[in-house]
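Right, one structure below, let's go through it.
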Protein chains: 2
Amino acid sequence: MNMSTNLKVIDVDVHNQLKCSDDLLPFLPEPWKSQVARTGIGIPDRGYPSPVGVIRKDCTPPSGGPAASDPEFLVKDLIEPFNIEYAILTGNMMDVSTMHDPDYAAVIASAYNDYLISKWLSMHPSFRGSIVVATQDPILAVREIDRMAEHPEIVGIVIGSAQRTLLGQRQFHPIYEAAERHRLPIAIHPGGEGAGISSAPTASGYPTRYIEYHTILSQNYMAHVTSLVCEGVFEKFPNLKFVCLEGGIAWLPHLMWRLDKNYKGLRSSVPWLKRLPSEYIRSNCLFSTQPIEEPENPKDLLTIFDMIDAENILMFSSDYPHWDNDDPSKILRGLSAEAKNKIFYQNAKNLYNLS
Amino acid sequence: MNMSTNLKVIDVDVHNQLKCSDDLLPFLPEPWKSQVARTGIGIPDRGYPSPVGVIRKDCTPPSGGPAASDPEFLVKDLIEPFNIEYAILTGNMMDVSTMHDPDYAAVIASAYNDYLISKWLSMHPSFRGSIVVATQDPILAVREIDRMAEHPEIVGIVIGSAQRTLLGQRQFHPIYEAAERHRLPIAIHPGGEGAGISSAPTASGYPTRYIEYHTILSQNYMAHVTSLVCEGVFEKFPNLKFVCLEGGIAWLPHLMWRLDKNYKGLRSSVPWLKRLPSEYIRSNCLFSTQPIEEPENPKDLLTIFDMIDAENILMFSSDYPHWDNDDPSKILRGLSAEAKNKIFYQNAKNLYNLS
């Protein structure tokens, strides 16, 4: 238990869940309300069942319902035992961006955001919220950001990494203008890759099983980060921050080196860049710990940390209540006290402007 | 110049090219012969023009025609100055696997293989050939491997990494049975990602420019390697070797660690695996140097080398005559003499059984 070490913790990826789709009904207009009441929400399923499930069974609340659907039990099971000062609630609705109908996707995102404020954010002082936006129609997404951003417990935006097009591309820029204007970081979260309107999960189609699917999710992050940098998003919106949740980090040396090298040869095609690509990654992108890579020799991970200056771009996440979630007292041993404090606490505190 | 150091060199990725599509006519049956004479070959174009071109202009032979289309000039421009004992000719036809018509793709592959033997392999003692096969119809691919494999200067098979489905999947296994039976390593080479019948180059669609496209090619390798291991290809064909050309290597620690970790949690879905995934990668996959990642601090690359035991899985490639090709005397300084000899020479000599 980490309390003995006085480690202060902010958890940047906690998956609060609906008890059932009826939770959204009070926040839905017609005709969507009747549709959801009849048939559920219908976010496309990716079709990669995990042999161990994706939710820890021991997180089921005594009150019933799915894991992480009861705020009171979530406090008892996660917040209190791990002494978490703030939990950034990311929900499980970010894959609205894989839905075929942009209006329906936007309505589901709005209903979830109202539900988040009404049913979660007032329930415990540690809770902070990420609003979900659907990216299919950026104008509707901007409207939703403007509607929700000033709520005092809303600290960020979360979108699925499963997208029809890469996140650097121009149609998304109005969303980034709004996010920067409201000082809201944008977190991307995996899970819907290959579902609905998103492309196949790899350049060579669909993996066969969850183990392959889950392993190669990080490649979508590599593609998004490359796109965000090369399209000049961070020149256009220098104060915008992206948070890559659950995508791993040990691929960063490869990507930074390969991209910097290519930039040196091909910079004429991206004349808006004024710095090396890796510098934009370091200044505008942050990453979460879970699922952290676990080499046979734990020192190898710390070596990678040094290469990417991890103590300034990494933030702790538990990913509660997912199957592979991390206990903050058991990961990342061997870091200096200062690095640990930044990764478990200070980086998130600064990013989300938590007092 | 490396001759002064007596560095022995085998180059595992040299892109001999056709002078023009008419070069294949003598080897094509009708109706394809008349079609190619009329309209060219028609391998799908990926549509990512490079601002600097993909071919070095200074490699144009004095005799005319494209770079690397004149065996005599290739010897003068690459083989002799860099003291290359063997050059594995990989050609530029591997993206036949992105063609829509499996019969036409197989015929083009066969014609190219006959052309390779007739126009290249007898021209210089350093030349060794990789036959191309089209993967759309594995039965035709097996027939082609059986037809060509016993030629004494054929030492391997090359296929595009641009595929409709991931290379571990079952429809490809007859190809692997044939390759293992003939002791021919299978090299995969990038370039056609997103073209023809292959999927979009990323899980979120199409990158905008060549710089992004070229940077994230490595993610397709991550997906193929994951697929090959998890589908049990190396349990079924333990003597089969794959060579990942031009995909980079610094992503290997990430992939090995993430895959091993997931295997520990999810092994029930891949019960045919008897070792950790990373062990199959180390025993059955090799990688080529070009384009080698270039960190600001060159020691960081050597640190990655240690993590992945690079001296036993890496082989030198020049990628001549591509725009970013590498001079063997200028890369990978700082390696021990033993590691250098393995990477520049011995690993390829063993793999391709070169006397």
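Each reported figure results from applying straightforward, stated rules to the coordinates on display, with no laboratory input. These figures come from a predicted structure and were not determined experimentally. Here the Cβ is made from the backbone with ideal geometry for all residues, glycine too, and neighbour counts use every protein chain on show.
Using a label point 7 angstrom from Cα along Cα-to-C-beta, what distances in nm, from shortest up, separate residue A:20 from the other copies?
7.3
Given +1 on the Cβ of Lys and Arg, -1 on the Cβ of Asp and Glu, and no further charges, what dipole in debye does chain A carry about its Cα centre, rounded to the nearest 20?
800 debye
For residue B:132, list long-range residues whose amide hydrogen, built 1.01 Å from N in the peptide plane, is under 5 Å from its own amide hydrogen.
HN-HN under 5 Å from residue B:132: B:113, B:158.
How high is the relative contact order of chain A, in percent, with contacts defined as C-alpha pairs under 8 Å that are six or more residues apart?
20 percent
For B:349, B:57, B:19, what's the fewest-to-most ordering of other Cβ within 10 Å of each Cβ?
Final ranking by Cβ density, sparse to dense: B:57, B:19, B:349.
With 5 Å bins from zero, work out the P(r) of the range A:11-96 over every alpha carbon pair and list the percent per bin.
Each 5 Å bin holds this share of Cα pairs: 3, 12, 19, 22, 19, 15, 8, 3, 0.
Would you compute, from DSSP H runs of 4+ residues alone, the mean residue ellipticity of chain B at 222 nm, taking -39500 (n - 2.57) per run and dividing by the full residue count, rounded to the nearest 500?
So the helix-based figure for chain B works out to -9000 deg cm²/dmol.
What list of ³J(HN,Hα) couplings, whole Hz, do you get for the range B:224-241 from phi and the Karplus terms 6.51, -1.76, 1.60, once you set θ to phi - 60° and write x for glycine and proline?
Per-residue couplings from phi come out as 5, 4, 4, 5, 4, 5, 5, 6, x, 4, 8, 7, 6, 10, x, 9, 7, 10 Hz.
Work out the P(r) tail for the range A:47-92: percent of alpha carbon pairs separated by more than 18 Å, whole number.
Within the range A:47-92, distances greater than 18 Å cover 36 percent of Cα pairs.
Percent of alpha carbon pairs in the range B:43-202 separated by more than 28 Å?
In whole percent, the long-distance tail amounts to 24.
Distances longer than 23 Å among the Cα atoms of the range A:252-355: what percent of all pairs is that?
Beyond 23 Å sits 37 percent of the P(r) for the range A:252-355.
Enter the mean number of other protein chain beta carbons within 10 Å of the beta carbon of each residue in B:243-256, as an integer.
What the average comes to for B:243-256 is 5.
A 25 angstrom limit on the alpha carbon distance is what I want to check against. Which of A:299/B:299; B:299/B:349; B:264/B:342 exceed it?
B:299/B:349; B:264/B:342
Give me the Debye-computed log₁₀ of I(q)/I(0) at q = 0.14 Å⁻¹ for chain A, equal point scatterers on Cα only, no solvent, two decimals.
Each listed q maps to, in turn, -1.22.
Restricting things to alpha carbons, tell me how big the range A:87-172 is in terms of Rg and Dmax, in Å.
Computed over the Cα atoms of the range A:87-172, radius of gyration and Dmax are 12.6, 38 Å.
Just for the Cα atoms in the protein assembly as shown, what are the lengths along the principal axes, largest first, rounded to whole Å?
79, 54, 50
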